[in-house]
Number of protein chains: 2
Amino acid sequence: MAEDGRERLGIVAGGGGLPMIVANAAIEKGMEPVFARFSDGMTNDSIIGRSRAFAWGRTGDAIEWLKAEGVQKLVFCGTISSRPDFRSILPSFKTLKRLPRALRIVKGGDDRLLRNLSRYLESEGFDLLPVQAVAPELLAPEGVLTARTPTAEESAALDLAHRAATALGVLDAGQAVIASNERIIAMEGIEGTRAMMRRVAEYRAARKIGRGERLALVKAVKPGQDRRFDLPSIGVQTIDEAEAAGITAIGVSAGESLILGFDDVIDRANTAGLAVCGLGGEQGTAR
Amino acid sequence: MAEDGRERLGIVAGGGGLPMIVANAAIEKGMEPVFARFSDGMTNDSIIGRSRAFAWGRTGDAIEWLKAEGVQKLVFCGTISSRPDFRSILPSFKTLKRLPRALRIVKGGDDRLLRNLSRYLESEGFDLLPVQAVAPELLAPEGVLTARTPTAEESAALDLAHRAATALGVLDAGQAVIASNERIIAMEGIEGTRAMMRRVAEYRAARKIGRGERLALVKAVKPGQDRRFDLPSIGVQTIDEAEAAGITAIGVSAGESLILGFDDVIDRANTAGLAVCGLGGEQGTAR
């Protein structure tokens, strides 16, 4: 609880614009945001307000600080693009005490990492909220969201990419796939959606993609994913990058993916002539 | 049939060293190789003997020439790294006549493309042989092939990568996956194994992969793949590239993948300290 009586929301802030969007939503709901940042430069510089940076692995320090700040509810948001190398971390006493547990936490795919981390934080007395509990307005609605509806070719591409993303999700691999209606072009491993789209732009320049081959990008939650963490998201930059890669349709899983800055994203997509859809779980693509 | 009475084997030659290896195996078996090359520079320059280059789409010309050369048996080998853009091909009369059919052939994922192409060539009276019918000595045997056996961690990584490769294969996506025992690192789309390994080397340089995280590469046939085409293969260069990417174990599907230059590959892997295994179909990794 803050001095002014507002409830404090702890925001574990990775990169990108999401942490500030969530903070603003929290303020609107009468809460005071408190940021635990990463000190390696991943977290957006525009973060303002009560905040402190922690080196990877200084979980102990972060926990003590959040507790001292009166934080009980925590939300995870933003991208985490690198993994800790424990041998390179200067051990702090509080981290050393928890090291074996911390090591177990960071092993495994992203889902396993986050599942372990959430169990650990819950055992420390924190409540982990999903982003959508603080900012439900960010969730992608179902159906076609742009002026332009996907063509039959694009619908087939969205369908193929969605099926592939689901198959990858079962393996706790990436959340994103790029396909045409004929074949799968690229699948996200640990590189992130942005790097994958840059690759696809290169394939196109190298003529590995036919000139008339229309591409779709799908981002979808993994079937077993804890919905409190790392929901797939798109923003204005995603539309820019998609356009540069020659992608003409984008699908996100409806009700489980985030659209950051909805009006701007849809405006930008309309200007670029892209079709953006919220995909239903079972039905696949919106047509 | 050649003038000297030897049977002629038509080799549709893509890039890499495989076409010459197959040609040498054919010569040893008393056949005369005849190469249909691609004129876009994909085919290895070291090809010698009876050969002719054809532009993509000049299927008609290639067929007429092979028939005139007395070829009845055909083998496909080598990598094909780009797809034809039919609008950029100067149409020849013989190609135009067959264009609608040619267009149908090149649509779809690689499997579909090759399935269509093989049906077409069979309808033209050719016999399509698998590489392994000409050079069975290239097939990867089952079990550990190097001096070093995979560690428990590497076995788990091989297992995860193998499961992922199988899941991708069902979708007619890539044949290759790189994983650690904890997570899937990269999956091959249309870029090819070499480009995927270069990416992984970059992830490592960018510290997206932990220093102690041991990586495995698996190349496996797709479940529905026609075994006459595009079998996964590794060569000495694969070992070099794997080493550069920090990969310490390689698995290929036994009896269905090719090892090009077996002794050299295994020597090179032993020098690099890599473990190489032929993976069984159902059992997964060799331990």
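The values are calculated or read from the model by the stated rules, or taken from the named source; none is laboratory data. The structure displayed is predicted, hence computed values, not measured ones. With ideal geometry, Cβ positions are generated from the backbone for all residues, glycine too; neighbour counts draw on all protein chains shown.
Can we say B:ALA195 is assigned to a helix (DSSP H, G or I) and within 7 Å of another protein chain (Cβ to nearest Cβ)? It would help to see each step written out before you state the result.
On the way: assigned to a helix (DSSP H, G or I): yes; within 7 Å of another protein chain (Cβ to nearest Cβ): no.
It is false that B:ALA195 is assigned to a helix (DSSP H, G or I) and within 7 Å of another protein chain (Cβ to nearest Cβ).
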Only unsatisfied item for A:ALA173, checking (1) part of a loop (DSSP other than H, G, I, E, B); (2) in contact (Cβ under 8 Å) with a residue 60 or more places away in the chain; (3) away from chain B (no Cβ under 11 Å), is (3)
Restricting the range A:134-164 to residues that are in contact with a Lys or Arg (Cβ under 9 Å, 6 or more places away or on another chain) and of a type in the set (S, T, N, Q), the one farthest from the other protein chains (Cβ to nearest Cβ) turns out to be A:THR149
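Is at least one residue of the range A:34-41 at pLDDT 85 or above and over 17 Å from A:VAL131 (Cβ atoms)?
no
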Going through the range B:207-236 in order, the residues found to be out of contact with any helix residue (DSSP H, G or I) (no Cβ under 8 Å at 6 or more places or on another chain) and either away from chain A (no Cβ under 14 Å) or among the charged types (D, E, K, R) (or both) are B:ARG207, B:LYS208, B:GLU213, B:PRO232
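So, in the range A:192-227, how many residues would count as being acidic (Asp, Glu) and either in contact (Cβ under 8 Å) with a residue 12 or more places away in the chain or within 23 Å of A:CYS277 (Cβ to Cβ) (or both)? Give the derivation first.
At the first step, the residues of the range A:192-227 found to be acidic (Asp, Glu) are A:202, A:213, A:226.
Then keep just the ones that are either in contact (Cβ under 8 Å) with a residue 12 or more places away in the chain or within 23 Å of A:CYS277 (Cβ to Cβ) (or both); that gives A:213, A:226.
Of the residues in that region, 2 qualify.
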Residue count, the range B:112-162, condition over 17 Å from B:ARG227 (Cβ atoms) and not aromatic (Phe, Trp, Tyr), comes to 23
Just one listed residue, out of A:ALA179, A:ALA186, is at the interface with chain B (Cβ under 8 Å from one of its Cβ atoms), modelled with pLDDT of 95 or more and in contact with a helix residue (DSSP H, G or I) (Cβ under 6 Å, 6 or more places away or on another chain), and it is A:ALA186
Scanning the range B:50-65 residue by residue, those over 17 Å from B:LEU117 (Cα atoms) and either of a type in the set (Lys, Arg) or at pLDDT below 80 (or both) turn out to be B:ARG50, B:ARG52
By residue number, the members of the range B:141-170 that are outside any helix (DSSP H, G or I) and either touching an Asp or Glu at 6+ places or on another chain (Cβ under 8 Å) or not aliphatic (A, V, I, L, M) (or both) are B:PRO141, B:GLU142, B:GLY143, B:THR146, B:ARG148, B:THR149, B:PRO150, B:THR151
The one condition A:GLY78 fails out of (1) in contact with an Asp or Glu (Cβ under 8 Å, 6 or more places away or on another chain); (2) modelled with pLDDT of 60 or more is (1)
